[in-house]
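A.B. asks: The structure under discussion is supplied below as structure tokens; questions concerning it will follow.
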Amino acid sequence: DDVVVQTWVRRCDKLFCYRDFELLTTSGETLAVATSKWVLIDSTNHKIVKLRDDIIENYRMEETKQVFNDEESNDLPKLAEIDNYSHCIDYTIRKADIDLNNHVHNLCYLDMAEEILPYQISNSTEAQEFEIWFKYQIKFEDSVSIYYGFKNNKHYVVVKSDDGECLHNIMKFY
């Protein structure tokens with residue numbers, strides 16, 4: 001089936017840009033919506049850089065078009081870890097997991113989740129929605145541990161360094 005993807009910059013301020021997404025059927029039926037919050041990172045020191053006006057001006061804002069109400073999408077909450085995990089697997093990052101910025105591509109985190117989610121969840125329509133919070137990048141040949149837990153009718157997948165010291169990512173499926 002053909003899918004139409006629409007995306008636009010909703011808003012930018014000095015530190016963040018907000019981008020919304022819609023996936024539609026060719027007849028216009030909404031299949032999925034998403035929002036994201038972006039920052040500019042200095043590639044030398046890996047710190048957040050304030051957006052200059054000339055950079056912001058390169059984006060055509062569509063402030064009146066948004067996929068969620070303003071309070072929900074401008075203040076995206078950080079996901080919190082749960083207290084206990086029932087499963088853990090080790091995973092070594094492959095070349096195929098790496099993007100042009102030399103760290104794990106965002107979609108690969110979903111592949112990692114699929115490796116640890118219970119079969120009945122990853123191969124069914126039980127989990128209809130998910131949230132992802134990216135905390136710290138993962139590089140080629142890094143070894144990570146992927147944790148799974150279930151709390152309050154939600155499935156959690158957490159990716160940490162293999163020593164457990166660095167939190168890379170939290171995903172929640174429901």
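The values are calculated or read from the model by the stated rules, or taken from the named source; none is laboratory data. Because the structure is a prediction, the values reported are computed rather than measured. FYI the Cβ positions are ideal-geometry reconstructions off the backbone, even for glycines, and counts take in every protein chain you see. Calculation scope for accessible area: heavy atoms of the full protein, side chains included, ligands and nucleic acids excluded. Shrake-Rupley method; radii C 1.70, N 1.55, O 1.52, S 1.80 Å.
A.B. asks: Relative to the Cα centre, what is the charge dipole magnitude of the chain, using +1 at the beta carbon of each Lys and Arg, -1 at the beta carbon of each Asp and Glu, and rounding to the nearest 20 debye?
C.D. replies: The dipole magnitude comes to about 420 debye.
A.B. asks: Please name whichever of L51, T125, V67 sits farthest to the positive end of the charge dipole of the chain, dipole taken about the Cα centre and charges placed at Cβ: Lys and Arg +1, Asp and Glu -1.
C.D. replies: Of the options given, the answer is L51.
A.B. asks: Here is a further query. Let me cross-check R52: its accessible surface, 1.4 Å probe, with only protein heavy atoms counted, in Å² to the nearest 10?
C.D. replies: Number for this one is 140 Å².
A.B. asks: Determine how large the accessible area of K139 is when every protein chain is in place; take a 1.4 Å probe and give Å² rounded to the nearest 10.
C.D. replies: 70
A.B. asks: Next up: Using θ = phi - 60° and the Karplus form 6.51 cos²θ - 1.76 cosθ + 1.60, what ³J(HN,Hα) does each residue of segment 83-89 get, whole Hz, x for Gly and Pro?
C.D. replies: 6, 10, 10, 9, 9, 8, 10
A.B. asks: Using heavy-atom solvent-accessible surface (probe 1.4 Å) with all chains present, what is the largest-first order of L31, L100, L110, L117?
C.D. replies: So, going from the largest accessible area down, we get L100, L31, L110, L117.
A.B. asks: Below 8 Å between Cα atoms, with a sequence gap of 6+, how large is the relative contact order for the chain in percent?
C.D. replies: Working: 306 pairs, mean separation 30.3, N = 174.
Over the chain, the number comes to 17 percent.
A.B. asks: Quick one: angle between helix 106-116 and the longest Cα principal axis of the chain, in degrees between 0 and 90, rounded to 10, please.
C.D. replies: 30
A.B. asks: Send over a whole-number figure in Å² for the accessible area per residue of segment 1-62, probe 1.4 Å.
C.D. replies: Solvent-accessible surface per residue comes out at 72 Å².
A.B. asks: A further question on this structure: Binning at 5 Å from 0, report for segment 1-94 what percent of all alpha-carbon pair distances ends up in each bin.
C.D. replies: Whole-percent P(r) values from 0 Å outward: 2, 10, 16, 15, 15, 14, 14, 10, 4, 1.
A.B. asks: Got a number for the accessible area of E114? Probe 1.4 Å, square angstrom, nearest 10.
C.D. replies: Taking all protein chains as shown, E114 has close to 100 Å².
A.B. asks: Considering the Cα positions of segment 38-174, please state its Rg to one decimal place and its Dmax as a whole number of Å.
C.D. replies: Rg and Dmax of segment 38-174, Cα atoms, are 17.1, 49 Å.
A.B. asks: Something else: Short version: ³J(HN,Hα) in whole Hz for each residue of segment 131-138, in order, from phi by Karplus 6.51 cos²θ - 1.76 cosθ + 1.60 (θ = phi - 60°), x for Gly and Pro, what are they?
C.D. replies: Listing the rounded values in order: 10, 10, 10, 8, 9, 8, 5, 10 Hz.
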